[in-house]
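Q: Handing you a structure now.
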Amino acid sequence: MHALNLKTMVTDDIKTNLEEIRNRITAAAERSGRDPKEITLIAVSKTKPNEAILEAINAGQLHFGENRMQELQSKMDEIDHSGAQWHMIGTMQSNKIKYIAHRVNWIHSVGKAKYLKEIDKRANQNNHHVNVLIQVNISDEDQKSGCEITDLEAILSKAKDYSNITVKGLMGMARFVDDPEEVRDEFKLLKSAFDAHQHLNGGNIDLTELSMGMSNDFEVAIEEGSTMVRIGSAIFGARN
């Protein structure tokens with residue numbers, strides 16, 4: 001399969017949007033007394049063409065998030081850039097982990113211990129190592145994936161059995177609301193769970209990352225401790 005080259009011109013829209021988001025990340029971090037360098041911007045490129053991703057790369061963006069495993073596999077195969085970091089942020093399916101575990105850098109959406117076993121197995125087969133985040137259902141919505149906070153300790157303890165993954169932290173999705181202040185408590189809940197499980201650190205448990213906040217609420221998430229924000233429409237425009 002031929003890799004796409006990186007000579008695509010950067011459109012003003014994507015470049016300008018990235019600059020604006022980075023400025024807003026910096027302002028939110030500084031408001032809460034944090035170093036903006038602590039926060040990773042993940043450009044959510046789901047359904048977007050490879051050309052748009054290349055434009056973002058040319059504008060200095062290297063972290064990309066995808067929701068579907070097979071779409072992620074395709075983009076990893078077709079976009080040839082050694083510095084790109086690929087994040088699986090969508091719902092996990094055990095029978096499709098084989099499509100990504102040999103290449104993906106991060107998986108944010110691990111809500112069950114059985115997924116850890118399959119990721120480790122597939123990564124081991126390819127001499128690969130994967131950073132994972134445990135997804136917690138902080139919105140109390142049935143349609144949102146993730147474990148309950150009461151399940152976290154058992155899942156983290158099980159993760160110690162595996163050698164080809166490192167659990168780097170937690171991920172959560174707040175309710176979608178017009179006023180992000182309405183979900184501040186949901187972000188506080190995830191940060192509290194993150195802090196409460198630091199005693200499990202050691203070996204392949206290294207809880208340093210909190211993935212929370214999207215286009216509509218990332219500034220509040222940063223103020224509450226997020227280290228990874230997942231931004232799609234504010235960079236690439238609305239999805240078709």
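Q: Which net charge results for the neighbourhood of residue 146, defined as the other residues with beta-carbon distances under 12 angstrom from its beta-carbon, given Lys and Arg at +1 and Asp and Glu at -1?
A: -4
Q: By count of other Cβ within 10 Å, fewest leading, how are 191, 114 ordered?
A: Listing 191, 114 from fewest to most nearby Cβ atoms yields 114, 191.
Q: Stretch residue 82-residue 188 to full length: gain in nm at 0.36 nm per residue minus the Cα-Cα span?
A: Net length gain for the segment: 34.6 nm.
Q: Between residue 74 and residue 196, 0.36 nm times their residue separation minus their Cα-Cα distance comes to what?
A: Length gained between residue 74 and residue 196: 40.1 nm.
Rule-based calculations on the coordinates, nothing more; no lab input. Computed from a predicted model, the values in this text were never measured in an experiment. Every residue, glycine among them, receives a Cβ derived from its backbone with ideal geometry; neighbour counts consider all protein chains shown.
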